[in-house]
Amino acid sequence: MTAAMAKRIDLEMRGRQATEIRDLNLDNCRSQTVEERLKDFLSLESLSLINVGLITLKNFPSLPKLRKLELSDNRIQNGLDQLKGCINLMYLNLSGNKIKDICTLEDLKMLPNLRNLDLFNCEVTNEESYREEVFKLLPDLQYLDGFDKDDKEAEEDEEEDEAENGLDGEEEDDDDDDDDEVVEVSDDDDESDEEDEDELDDEEEEDDDVQVVNIAGDEDDEDEVDEDDDDEVEVEEGVGLSYLQKEDLDEDEEDEEDFEPGEEPEDDEGDEGDEEDKPKAKKRKHEGEDGEGD
């Protein structure tokens, strides 16, 4: 096997086992012969070897489940009997090869399920009565180069259906098995989901308890803070009142110190002087009157 094809096969496998591969595309991987490693792909249903450079089909592996084989644009001339191990092959594309004679196609009689054959762009298509001869040689063939016996073109969907019909029964069985596995897995998933939900509920309850405790603690702290604030306000009010009372007392003391006994206000003295003057004026008036009488 060439390095390019080996690398391509490993890439297409993607870590899977050869027996798990159903579709393998090795287009443009240059090789003149079919590699022996392909014999391990026993579950293969579709194989594509387009433009690989094959000159012979010698040692082509027996692939009992193979339904579709793409061999176009190679240099194959004969040796189609090497495909006899692919008894369920339904679609074979040999277009663009070096097949020249109709007799070369007789080996395809060993493929009882072959329904679609493509020889487009092969020299054999230039022979007279080519289509009639091929349909006569292969009576179970339905489409040749994309047309049936009545020159009715096959639709792409029909070609694919022809290549896949042989697997319907097996795929249905596989699907049933897969459905059973899916149901079992889904049951396990439901149980695991329920367990996860229970765990989440427990965690949420614990979180709620913690939050309640925290809220209660916060409320207590707020009450303590409020009480401390009230005490500070009362102390400040008491200090303020005592300070004001002290100021009033100090003012009274200052007034008492300024006042001395025996002293009279200046206004009072003026009033007393006026009162003393009034009797004197009256006395003088009487004296005047007495003088006039005399």
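The values are calculated or read from the model by the stated rules, or taken from the named source; none is laboratory data. Here the structure is a predicted model, which is why all the values come from computation and not from measurement. Positions of Cβ are generated from backbone atoms using ideal geometry, with glycine treated the same way; all protein chains shown enter the neighbour counts.
So here's what we get for this one:
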{"read-out": "Unique match (being of a type in the set (A, V, I, L, M) and in contact with a Gly (Cβ under 7 Å, 6 or more places away or on another chain)) among L57, L94", "value": "L57"}
{"read-out": "Single match in Y143, Y130 (criterion: of a type in the set (S, T, Y), at pLDDT 95 or above and closer than 28 Å to S43 by Cβ)", "value": "Y143"}
{"read-out": "Unique residue being within 50 Å of the chain's Cα centre (by Cα), assigned to a helix (DSSP H, G or I), at pLDDT 55 or above and within 24 Å of L63 (Cα to Cα) when the list is E170, E191, E160", "value": "E160"}
